[in-house]
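Asks: Just passing along the structure, written as structure tokens.
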Amino acid sequence: MECRAVINSLSDYLDSQNFWISDDEVKQIDTHLTNCPACQNLKDELGEIKTAARELPLHTPPRAMWTKIANVIEAEISAENAPPHQPKNASGWWGWLRSRKFTFSLPQLAAGGAVAAALIIAGISGILSPHSGALDFQKAQSALLLPEEREIKVELDRRMDALNARKATWDPQRRAEFEQRMNKIDESLNQCRHILKDNPQDADHQKEMRYLYVEKRQILEDVERLKW
Amino acid sequence: MVKESLAPGDLLPSKITEKFLSALAISFVVATALAYSASAQTFSRAFPVPPGTSELEVVNQTGTIKVTSGANTSRILISARYSENAAKIDATQNAQGKVKVEVIGQGAVDFEITVPSSSDIDLLSYKGAIVVTNLAGAVRARITDGNIQISGLRSPRVEAHCTQGNVSFSGEVLPSGSYTLKSFSGRVDAYLPTNADFKLSAASFGPGGMNLGAFQMRYDKQTHQLVEASHGAGRASIILWTQEGSINLHRKP
């Protein structure tokens, strides 16, 4: 097996569950790595990046982020549907940049990815810095304060996504009532979060949070059963 | 200047206006009632059910659901009243005999349902009220905006839960029973027999707090928001919760 083929498959090879390469390929790469110090070094470096990435904290993006992404998508769709036109200044540096074709090797891509990840994390950390009261509040919201909270949130998000897809078809009054109720529960949850942030072992507020999550899930289940 | 005097039977101008307005109001009420009865629709269905194992599920959008036990032990009788342009009522029975009544769309529908007393029932309404009386099967009642009133029960399992409204339960507490009463922003009232044997877990996070003095209990935990306590041998499980309302434990008269 040649170095180029090994380099192309290294990322899949390092995946703990090798869905994308066969057992034969894995054996061939193993053999190659024992005889090629350069590829072995590259494999070690990629492994370190992967381990470091796995240890990075998870950040729940703010709800407004989806709105921004949706706006960008809509803008792109509108642009695609609009009649084609020549950019006013396509000959500038941006035009030059767009006309270029770039190719990167796997190590360059990995390094670039690591830098991008670091910048994103630094950006998020900066946004959620303790100097900003409102954003500190967001940070408190995203922290997990119950052992089972991640699973609860995943389930609630799944249900909410399903509802959001059809909420536009609801009666406006019902939609407003639904939003109001969910906001009320979220307010109570946020109050609990603030208290638990200072005292994570406060059993009363842990219990309160659990009840509130059950209430939230109950409202979502009701809406599903009511077939809105 | 001489004032004109009124004879005893004569009406003052203000009294004439009052009488006229009263007559107008009565006419309006009568006309509205007649219009409603003219446009109201009724729905009725009867389903044969296996004795002792009947099951009923009702999903209503707006309106009252009243369920009580009937003399007939092998039939579920459903009657409903709704306005002309209200939603569609769909009542079906599956191969196992379970009856499901579902309202699709909007519009108020008021149900009156009689079931064999041992029936298991599952009721859901978005807005309105739920009233359950004299049953011995499992009861699950859920309403987002409205009250739940449960009385005369001998059920092994009760779950009553409203988001905005009050929950009231009055019934026997069976030794291995499980009773959960919850309201996000309303009162939770439980009327229990003096000799009820239960383990209580109560949580009230609102300003209304808890009034549990009707029973002399052994307290395992007691804060101003949470209580865990037992009465008797502590066999049945009772869970009471409110976020913004109050919890009230009463002795059943």
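The values are calculated or read from the model by the stated rules, or taken from the named source; none is laboratory data. Just so we're clear, the structure is a prediction, and the values are computed from it rather than from any experiment. FYI the Cβ positions are ideal-geometry reconstructions off the backbone, even for glycines, and counts take in every protein chain you see.
Asks: Got a number for residues in region A:169-201 being within 12 Å of chain B (Cβ to nearest Cβ), exposed (fewer than 15 other Cβ atoms within 10 Å of the Cβ) and not in a helix (DSSP H, G or I)?
Replies: 1
Asks: State which residue is nearest to the other protein chains (Cβ to nearest Cβ) when the search covers only region B:110-140 and only residues that are aliphatic (A, V, I, L, M), part of a strand (DSSP E or B) and in contact (Cβ under 8 Å) with a residue 60 or more places away in the chain. Before the answer, list the steps.
Replies: Residues of region B:110-140 that are aliphatic (A, V, I, L, M), as a first pass: B:113, B:115, B:121, B:123-124, B:129-132, B:135-136, B:138-139.
Narrowing further to those that are part of a strand (DSSP E or B): B:113, B:115, B:121, B:123-124, B:129-132, B:139.
Narrowing further to those that are in contact (Cβ under 8 Å) with a residue 60 or more places away in the chain: B:115, B:121, B:123-124, B:129-132.
Values: B:V115: 20, B:I121: 15, B:L123: 11, B:L124: 6, B:A129: 16, B:I130: 13, B:V131: 19, B:V132: 18 Å.
So the residue we want is B:L124.
Asks: Select from region A:193-218 the residues that are closer than 20 Å to B:G186 by Cα, hydrophobic (A, V, I, L, M, F, W, C) and in contact with a helix residue (DSSP H, G or I) (Cβ under 6 Å, 6 or more places away or on another chain) and list them in ascending order.
Replies: A:M209, A:L212
Asks: Being without any contact (Cβ under 8 Å) to a residue 60 or more places away in the chain, of a type outside the set (G, A, S) and touching a Pro at 6+ places or on another chain (Cβ under 9 Å) narrows it down to one residue among B:D197, B:D220; which is it? Show your work before the answer.
Replies: Details: B:D220 fails: touching a Pro at 6+ places or on another chain (Cβ under 9 Å).
Going through B:D197, B:D220 in turn, the sole match is B:D197.
Asks: Return the residues of region B:225-253 that are in contact with a Gly (Cβ under 7 Å, 6 or more places away or on another chain), more than 14 Å from B:F169 (Cβ to Cβ) and within 13 Å of another protein chain (Cβ to nearest Cβ); say none if nothing qualifies. Walk me through how you get there before you give the answer.
Replies: First, pick out the residues of region B:225-253 that are in contact with a Gly (Cβ under 7 Å, 6 or more places away or on another chain): B:236, B:242-246.
Checking the rest, the ones that are also more than 14 Å from B:F169 (Cβ to Cβ) come to B:243-246.
Within region B:225-253, B:Q243, B:E244, B:G245 qualify.
Asks: Criterion first (in a helix (DSSP H, G or I), more than 10 Å from chain B (Cβ to nearest Cβ) and of a type in the set (V, I, T)) does A:I152 satisfy it? Working first, answer last.
Replies: On the way: in a helix (DSSP H, G or I): yes; more than 10 Å from chain B (Cβ to nearest Cβ): yes; of a type in the set (V, I, T): yes.
Considered against the rule, which asks whether it is in a helix (DSSP H, G or I), more than 10 Å from chain B (Cβ to nearest Cβ) and of a type in the set (V, I, T), A:I152 comes out as yes.
Asks: So which pairs qualify, if the first residue must be in region A:24-42 and at negative phi, the second must be among the charged types (D, E, K, R), the Cβ gap must be under 8 Å, and the two must be at least 6 apart or on different chains?
Replies: Cβ pairs passing all conditions: A:L33/A:K43.
Asks: Give me the strands (runs of 3 or more DSSP E) completely within region B:173-253, filtered to those with at least 2 residues that are within 20 Å of B:V139 (Cβ to Cβ) and of a type in the set (A, V, I, L, M, F, W, C), ordered by residue number. Lay out the reasoning, then the answer.
Replies: Details: elements: B:178-183, B:187-192, B:198-204, B:218-222, B:226-231, B:236-242, B:246-251.
Passing ranges, in order: B:187-192, B:198-204, B:236-242, B:246-251.
Asks: Would you mind finding the one in A:L212, A:L220 that is among the hydrophobic types (A, V, I, L, M, F, W, C), out of contact with any strand residue (DSSP E or B) (no Cβ under 8 Å at 6 or more places or on another chain) and more than 10 Å from chain B (Cβ to nearest Cβ)?
Replies: Details: A:L212 fails: more than 10 Å from chain B (Cβ to nearest Cβ).
Testing whether each residue is among the hydrophobic types (A, V, I, L, M, F, W, C), out of contact with any strand residue (DSSP E or B) (no Cβ under 8 Å at 6 or more places or on another chain) and more than 10 Å from chain B (Cβ to nearest Cβ) leaves just A:L220.
Asks: OK, next. Here is a check on your reading of the model: is B:G177 touching a Cys at 6+ places or on another chain (Cβ under 7 Å), surrounded by 20 or more Cβ atoms within 10 Å (Cβ to Cβ), over 25 Å from B:Y82 (Cα atoms) and not assigned by TED's automatic domain parsing to the domain that holds B:I65? Even if it seems obvious, please write down each step before you answer.
Replies: Working: touching a Cys at 6+ places or on another chain (Cβ under 7 Å): no; surrounded by 20 or more Cβ atoms within 10 Å (Cβ to Cβ): yes; over 25 Å from B:Y82 (Cα atoms): yes; not assigned by TED's automatic domain parsing to the domain that holds B:I65: yes.
For B:G177, the condition - touching a Cys at 6+ places or on another chain (Cβ under 7 Å), surrounded by 20 or more Cβ atoms within 10 Å (Cβ to Cβ), over 25 Å from B:Y82 (Cα atoms) and not assigned by TED's automatic domain parsing to the domain that holds B:I65 - is not met.
Asks: Also: Does region B:141-161 hold any residues that are crowded, with 23+ Cβ neighbours inside 10 Å, small (G, A, S) and either within 14 Å of chain A (Cβ to nearest Cβ) or touching a helix residue (DSSP H, G or I) at 6+ places or on another chain (Cβ under 7 Å) (or both), and which are they?
Replies: Within region B:141-161, B:A141, B:A160 qualify.
Yes or no, residue by residue, for (1) within 24 Å of B:S79 (Cβ to Cβ); (2) modelled with pLDDT of 95 or more; (3) not assigned by TED's automatic domain parsing to the domain that holds B:P51:
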site	(1), (2), (3)
B:E102	yes, yes, no
B:G105	yes, no, no
B:D122	yes, yes, no
B:S125	yes, yes, no
B:V132	yes, yes, no
B:G146	yes, yes, yes
B:I150	yes, yes, yes
B:T163	no, yes, yes
B:N166	no, yes, yes
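Asks: So B:P116 passes all but one of these: (1) in contact with a Lys or Arg (Cβ under 7 Å, 6 or more places away or on another chain); (2) buried (at least 21 other Cβ atoms within 10 Å of the Cβ); (3) more than 29 Å from B:T242 (Cβ to Cβ); (4) not aromatic (F, W, Y). Which condition number does it fail?
Replies: (1)
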